[in-house]
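Note sheet for the following structure.
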Amino acid sequence: MSTTRISVSSLAETKMALHSAKHGFSNPIHGIIVGKSSGTDSVVEIIDAVPVCHEVPTKPIVDMALRLVDAHLQQQGDDDLTIIGWYTSNASTSDDETPNLSACRIASAMSDCGQGGGGDNFILVMVTTSGLLAAVSKDSDSSLSPLCRVFQKDAKTKAFSNEVDSSLVTQENDTSYIISKALSKEMPIYDFVDHITNYGSEDWNSMDWIKNGAIKL
Amino acid sequence: MGPEENLPTLIAQKDHLNVLRYVRAHQLREPNLVVTHGKILIESKSLGDAERLASLEQICIAACDIGDLDLAESCLDTIVNPSSNNKSSLVVTKESSRYRKLLALCLEAAGNYESAGAVYDILLQDNPSNAYAAKRKYCILAAQRGKEGDAMKALDEYLSKHPGDLAAWNEMAEACLSVSDFKGAAYCYEELVLGCPLDSNIHTKLGEAYCTAGGVENAKLARKHLAQAVQLDPNNLRAWYGLVAAAEGYLEEIEKMSKNKREAEDQGMEVAKELIKFGGEKLVGIYKGTKMARVVNAVLKESSETL
């Protein structure tokens, strides 16, 4: 069991929830997690999420998206903010057990390349349907069904099967309220694939997939 | 419906019948819209018999899509038992195959896969070449966790009997991708390319699948198909990105080869380097003046520096 402590910002959770809800019709979703991760004190801060695709990702898509986001972060100038993980949600809404195969492969490849503070703290986040439902339903206790389940690499098998216990994953206050408000407002969210497949359309310029600036909490 | 009608106008005019017709004609997936407008429509007394049945069918399917099983069931009931104030000259019995298809779909939506499968089996008995029933049987397997292998076998069987069904090849390609079988996906996309050789998007997907599969030969094929994609549609941004990525992937694969084998690929390397420059210039041009220009320029500068 991992002893890493994870904190998740409302912004990141909202974006992941919106991305997942937008493509709820049997499409898997994938994206990049941006934040701060220090190898020494085993604390990982998830600060933002950049949606990449709503289909099984292929090498060109993943490579290009990662490079673009990396360049963007470098140009932003905040030295600590880097790519620290990958997030996904499974195609089938009833499948909340383990992250899908492609996400695990991508996470393995990325952590081998040394992303995320030397690779060992690299995280794979899975957005669960039960978590989404809990966030929007007013009466359930959202701590029972967390929106995000976090996985890390097992040192021996190298598979991303070590789940971080939910008690070690902290959300900001009022996250459920923020998420349900964003979902009901149907805030627009765009991923990298939206951006590259809609070149030439009227709203291409507004498909701001890296920052998704239209999402205001 | 005149040529000036579009969906937002129809919705604003509360023209429920034409909203439903528009969605049907354009084959859109808008279940919430259909249910909202459909519920009001079927209360209307001025609806003709054929329209009523078509609308009920459409609403039933939409209800299954959003999980409103009560509505779906009531639509099913109304189809076979029209109420007394809607005396219809069109009688639908429970043996009707169109009704059965709808019933089975509702059973699927309710998760009752066994009963749904049984109905499809009856339909297949009556008509062994019933493509719809065979496809739904595959869908039932695909919907269940852990049955990907069985689902792909069922789809494979379907494809051997209906090799011209391009939509099924597309479905199979996606099934292969979901189990990370990129070579298999490429095979399926090859079939699609045979059917639609001038479709830039299919060449793009094929190229991406080969690029992800890995290996020098696949990398070459990836390069070729992505080059074909941009030639067919110079505005296919996805293909341009893919072209640069595939050419780079090819060079990476060459690096892994032994020195003697590498010499045979000299020409290929020249082509790849040219493609990276060509694709890079095109991308920089596309993004000129846009918000992402700086980021794209940085990435492409990096890639041309490593050449």
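The values are calculated or read from the model by the stated rules, or taken from the named source; none is laboratory data. Everything quoted here is computed from the prediction, not taken from an experiment. Backbone-built Cβ (ideal geometry, glycine too); neighbour counts: all protein chains shown. Side chains are part of the model used for accessible areas, which takes the heavy atoms of the whole protein and leaves out ligands, DNA and RNA. Shrake-Rupley method; radii C 1.70, N 1.55, O 1.52, S 1.80 Å.
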Pairs from A:Lys36/B:Lys301; B:Lys147/B:Lys183; B:Lys220/B:Lys259 whose Cα-Cα separation, in the structure shown, is over 25 Å: A:Lys36/B:Lys301
Percentage relative contact order, chain B, counting C-alpha pairs under 8 Å, at least six apart: 7
Inter-label distance for B:Glu157 and B:Leu69, nm, one decimal - labels placed 7 Å from Cα along Cα-to-Cβ: 2.6
Sequence of A:Glu45, B:Glu73 from largest to smallest accessible area, 1.4 Å probe: B:Glu73, A:Glu45
Extension reserve of the A:Thr157-A:Asn198 stretch, reckoned as 0.36 nm per residue once the Cα distance is removed: 10.7 nm
Rounded percent of accessible protein surface that carbon and sulfur make up, the stretch B:1-110, 1.4 Å probe: 51
Where B meets A: accessible area buried, both sides, 1.4 Å probe, Å²: 2900
Local electrostatic count at B:Asn201 - Lys and Arg +1, Asp and Glu -1, tallied over other residues with Cβ under 11 Å: -1
Nonlocal amide H pairs with A:Ile84, under 5 Å, H built at 1.01 Å: A:Ile33, A:Val34, A:Gly35
Gain on full stretching of the segment that runs from B:Ala25 to B:Ser44 - 0.36 nm per residue minus C-alpha separation: 4.7 nm
Neighbourhood charge, 13 Å Cβ-Cβ cut-off, centred on B:Lys261 and excluding it, Lys, Arg +1 and Asp, Glu -1: -3
Residue-normalised accessible area of the stretch B:239-285, expressed per residue, 1.4 Å probe, Å²: 53
Two-site label geometry, B:Ser258 and B:Gln231: point separation in nm, points 7 Å out along Cα→Cβ: 3.4
Apportionment of accessible area to carbon and sulfur, the stretch A:38-137, percent (1.4 Å): 49
Karplus-derived 3J(HN,Hα), 6.51/-1.76/1.60, for each residue of the stretch A:183-199, Hz, glycine and proline x: 5, 6, 7, 6, 4, x, 9, 10, 10, 4, 5, 4, 4, 7, 8, 10, 4
Among beta bridges that DSSP assigns inside chain A, antiparallel share in %, nearest 5: 70
Heavy-atom accessible area order for B:Leu166, A:Leu132, B:Leu198, largest first, 1.4 Å probe: B:Leu198, B:Leu166, A:Leu132
CD proxy at 222 nm, helix term only [per DSSP H run n ≥ 4: -39500 (n - 2.57); per residue of chain A; nearest 500]: -10000 deg cm²/dmol
Rounded to 5, the percent of DSSP beta bridges in the protein assembly as shown classed as antiparallel: 70
Rounded FRET efficiency, nearest 0.05, which uses the C-beta distance separating B:Asn32 from B:Leu90 and R0 of 41 Å: 0.90
Listing of the stretch A:72-102 residues, each with accessible area lower by at least 30 Å² in the full protein assembly than in the chain alone (probe 1.4 Å): A:Gln75, A:Asp95, A:Leu101
Residue pairs, from the table A:Lys15/A:Lys153; B:Lys94/B:Lys161; B:Lys101/B:Lys137, whose Cα atoms sit over 22 Å apart: A:Lys15/A:Lys153; B:Lys94/B:Lys161
Under Karplus coefficients 6.51, -1.76 and 1.60, residue-wise ³J(HN,Hα) of the stretch A:54-66 in Hz, glycine/proline x: 10, 7, 5, x, 10, 4, x, 5, 5, 4, 5, 4, 4
